[in-house]
Amino acid sequence: MSPSNNATAPWPAEAPAPPPFVFDDGAAYELMIGRWSALVAQPFLDWLALPHGLAWLDDGCGDGSFTQSLVLHRHPASVVGVDPAPAQLNFARQRVATASVRFMEGDAQALPLPDASVDAAVMALVLFFLPDPPQGVRELVRVVKAGGTIAAYHWDLAGGGFPLQPILDAVHAEGYRSQPPPSAWTATLQASEHLWQNAGLSDVQTRQFEVSRAFESFDEYWRTAHGSPRLRELFATLSSTAMQRLRACARERIGSAEDGPLVLKAKANGVKGVKRWGAAIRQGLASLETPLSHLPFPRDTDRAAADHGACFSSPRQAPIATALPRRHRRRAAPRRGAASSHPSPPPAF
């Protein structure tokens, strides 16, 4: 869930755009986003409908919120959580202290995992923060086994589904501009579907999830905004009068005129797909030391061989040899007692 999960990061309108940042406080992040993410995780996992006992990747695991939901609801054989932020990983290790779960520092666009090493991979609130989303999806395809599931969910940024949207709207109304995620366009259902299809995944489906979170008061909700480093920096620069004006604007947008309990909603867009068997075969062929162009048969033949494997439930069952030219097939031994066009030599005495 790193490098960041606040949909926009405000700074004064006259200032230049700030550099990218990562979260430096796992506990603050948990209050701001982690609890929201857990609310999405349960219906999202139900939608995936995958069996217990699988090997999972939590790509961009952040503070371990999704990892914890995964352990509780899907009883995985193993989980690897990868994130670029050490502070998030430290929090996650304390949160999910299970032998079957391990966390490592890494980049979603260059995962520190071998090919075909997990059964399922998920990006929870990550995709729109990647500078190169297609490369991030390609990495998921690479590390997932053939027939495995690749899925993600992200806040519906265009539809106002980000949990802190009322506060960000107030920030804009008070004259501050904001920094959108580098790939905010990926957060729509249509864009997610296209990314998954372009990665060669099959059975691609999308779905929107709406969740609600209760707060004891507006003040409790307001405190969650301090989990965003950018908002925290902004608040530190405001005078008492400016801060009160900003709070009043946010309260008005929520419609909370009195101090008391309130319930807010957020929306996330989900996408899932399955890695084809044919993709696994092509991946294996690509790893051969001898390039396909150097093999003694035409290139269109190797493509037919790879595609032929997509019709079978296991690469082991795919009779790729049947697609090879006749001169490259191993001659089958005649059945015992069967007539042969090449008579055997006379026995030696």
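Would you mind checking which residues have amide H under 5 Å from Val79's amide H? H placed 1.01 Å from N; only 5 or more apart, or other chain.
Result for Val79 returns Trp56, Val101, Arg102.
Ranking request for peptides 28-41, 243-256: highest mean number of other beta-carbon atoms within 10 Å first, then the rest in descending order.
Details: 28-41: 22.4, 243-256: 15.8.
Ranking the peptides 28-41, 243-256 by packing returns 28-41, 243-256.
Can you work out the Karplus-derived ³J(HN,Hα) for every residue in the range 68-85? Use 6.51 cos²θ - 1.76 cosθ + 1.60 with θ = phi - 60°, whole Hz, and x for glycine or proline.
5, 4, 4, 5, 6, 9, 10, 6, x, 5, 7, 9, 10, x, 10, 7, x, 9
Using 0.36 nm per residue, how much length does the chain from His172 to Arg35 gain when fully extended, once their Cα-Cα distance is taken away? Let's see the in-between values first.
Numbers: separation 137, 0.36 × 137 = 49.32 nm, distance 2.52 nm.
Taking His172 through Arg35 to full extension adds about 46.8 nm, to one decimal.
Just subtract the alpha-carbon distance of Ser202 and Arg223 from 0.36 nm times their residue separation and send over the number in nm, one decimal. Please report the intermediate quantities before stating the final value.
Working: separation 21, 0.36 × 21 = 7.56 nm, distance 4.25 nm.
Contour length minus Cα-Cα distance gives 3.3 nm.
Output the peptides 187-194, 119-126, 205-212 sorted from most to least packed, where packing is the average of other Cβ atoms within 10 Å over each peptide's residues.
Working: 187-194: 18.4, 119-126: 26.2, 205-212: 14.9.
Per-residue mean Cβ counts within 10 Å order the peptides as 119-126, 187-194, 205-212.
Between the range 146-193 and the range 218-258, what's the alpha-carbon centroid distance in Å?
Between the Cα centres of the range 146-193 and the range 218-258 lies a distance of 20 Å.
Given labels modelled 7 Å from the Cα in the Cβ direction, how far is it in nm from Gln135 to Ala27?
Using points 7 Å along Cα→Cβ, the separation is 3.6 nm.
Values quoted throughout were computed directly from the atomic coordinates according to the rules given, and no laboratory measurement underlies them. Note that the coordinates shown come from a computational prediction; the quantities given were computed from them, not determined experimentally. Cβ atoms come from the backbone with ideal geometry, glycine included; neighbour counts cover every protein chain shown.
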